[in-house]
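The values are calculated or read from the model by the stated rules, or taken from the named source; none is laboratory data. A quick note: this is a predicted structure, and the numbers were derived from the prediction, not measured. Heads up, the Cβs are rebuilt from the backbone with ideal geometry, glycines too, and the neighbour counts pull from every protein chain shown. Calculation scope for accessible area: heavy atoms of the full protein, side chains included, ligands and nucleic acids excluded. Shrake-Rupley method; radii C 1.70, N 1.55, O 1.52, S 1.80 Å.
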Amino acid sequence: MTRVLVVEDDPQLVRALVLNLQARHYGVDAAPDGATALRLAAARQPDVVLLDLGLPDMDGADVIKGLRGWARVPILVLSARQGSDEKVAALDAGADDYVTKPFSMNELLARLRAAARRTEDIPAGPAATLVETDDFTLDLPAKKALRDGKEVRLTPTEWHLLEILVTSPGRLITQKHLLKEVWGVSPSSKTNYLRVYMAQLRRKLEKDPSHPRHLITEPGMGYRFEG
């Protein structure tokens, strides 16, 4: 059973989320504030966290940072804050996805399913277990990235996106395919997700992020990995 931790201080929304998730056979824990969320996360080891940013005791971004200190669990932010700066700040803190309130329950459930899939090991063929470039090395089974001999921390979403690209070297992976596989959504206006995450991956892995050698953009089409 996939276990979900709902971190939200609106009792009505919590009730709606809990009922919808339990009806679909998810295990659900709920926390009304950040301190309770961190305690429950340590005790219950959720597979996915749904997190409101506007909590009564601390900002949701601080909860993300607290979780990222020890856990790689996918974190989906639920927030009424619509500014791009808020979204980027949450993603930079370590969130994996961002859903703006009010949201469609069907869309949220699709995002949640995609997030849950990111925690599953993706089988890699014998030739694709270790990916080495001049700038970085990826150990796919161990989910470890090394750059200049030092481990680089990647979020589950960053890993999932990277694995899709590096296991098909030289092949153009379309925006539509990446959005569906990683976020469970159709393209529409969500291509900004890809731009944000590819920029983060380049900052972490490429020697010169502004002129990437390995994580290549094909304008208007998608992305490809060159070894």
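The computed Rg and Dmax of the Cα atoms in Å for the structure shown corresponds, within (i) 17.6, 52; (ii) 16.5, 50; (iii) 18.1, 56, to (i).
So if R0 is 25 Å, what FRET efficiency would Arg195 and Trp70 give, r being the distance between their Cβ atoms, rounded to the nearest 0.05? Show your work: numbers first, answer last.
Details: r = 29 Å, r/R0 = 1.16.
E between Arg195 and Trp70, to the nearest 0.05, is 0.30.
Close amide-amide hydrogen proximity is noted between Val7 and Ala31, Leu50, Leu51, Asp52, each under 5 Å apart and 5 or more residues distant or on a separate chain (H modeled in the peptide plane; Pro and chain starts excluded).
Counting only DSSP beta bridges with both residues in the range 34-125, tell me the antiparallel percent, nearest 5.
So the antiparallel bridges amount to about 10 percent of the total.
For a modelled paramagnetic label at Arg213, 7 Å from Cα along Cα-to-Cβ, the residues of the range 153-187 in reach, with backbone nitrogen under 17 Å, are 170. Surface exposure of the chain, expressed per residue as accessible area with a 1.4 Å probe, stands at 48 Å².
As a calculated quantity, the FRET efficiency between Lys180 and Lys144 at R0 = 45 Å, using C-beta atoms, amounts to about 0.95.
Can you give me the % of accessible surface on the range 1-136 that is carbon or sulfur? Probe 1.4 Å, all protein chains present, nothing else counted.
On the way: 3260 of 6460 Å².
Within the range 1-136, the accessible surface is 50 percent carbon and sulfur.
Using only DSSP helix segments of four residues or longer, with each worth -39500 (n - 2.57), what per-residue ellipticity at 222 nm results for the chain after dividing by its residue count and rounding to 500? Working shown, then result.
On the way: 8 runs with 87 residues, N = 227.
Computed ellipticity for the chain at 222 nm equals -11500 deg cm²/dmol.
Taking Cβ atoms as reference points and 13 Å as the exclusive limit, the residues near Gln45 contribute a net charge of +2, counting Lys and Arg as +1 and Asp and Glu as -1. Counting only DSSP beta bridges with both residues in the chain, the antiparallel share comes to about 50 percent. Relative to the current alpha-carbon distance between Met221 and Arg15, full extension at 0.36 nm per residue lengthens the span by 70.1 nm. Each Lys or Arg adds one and each Asp or Glu subtracts one; over the other residues with Cβ under 13 Å from the Cβ of Asp135, this totals +1. Computed from phi, the 3J(HN,Hα) profile of the range 192-199 under the Karplus parametrisation 6.51, -1.76, 1.60 (θ = phi - 60°) reads 5, 4, 4, 4, 4, 6, 5, 4 Hz, with x in place of Gly and Pro. For the range 1-54 versus the range 72-99, the inter-centroid distance based on Cα atoms is 16 Å. Electrostatic tally near Asp148: other residues with Cβ closer than 10 Å to its Cβ, Lys and Arg +1, Asp and Glu -1, net +2.
Each label was represented as a point 7 Å from its Cα along the Cα-to-Cβ direction; for Asp57 and Ala43 these points are 1.2 nm apart. For the range 22-127, rounded, prolate or oblate, judged on the Cα gyration tensor with a ≥ b ≥ c (square roots of eigenvalues), a/c < 1.5 rounded, else prolate if a/b > b/c? The shape class here is rounded.
Legend: calculated FRET efficiency, Lys204 to Gln82, from the Cβ-Cβ distance at R0 = 25 Å, rounded to 0.05, equals 0.40.
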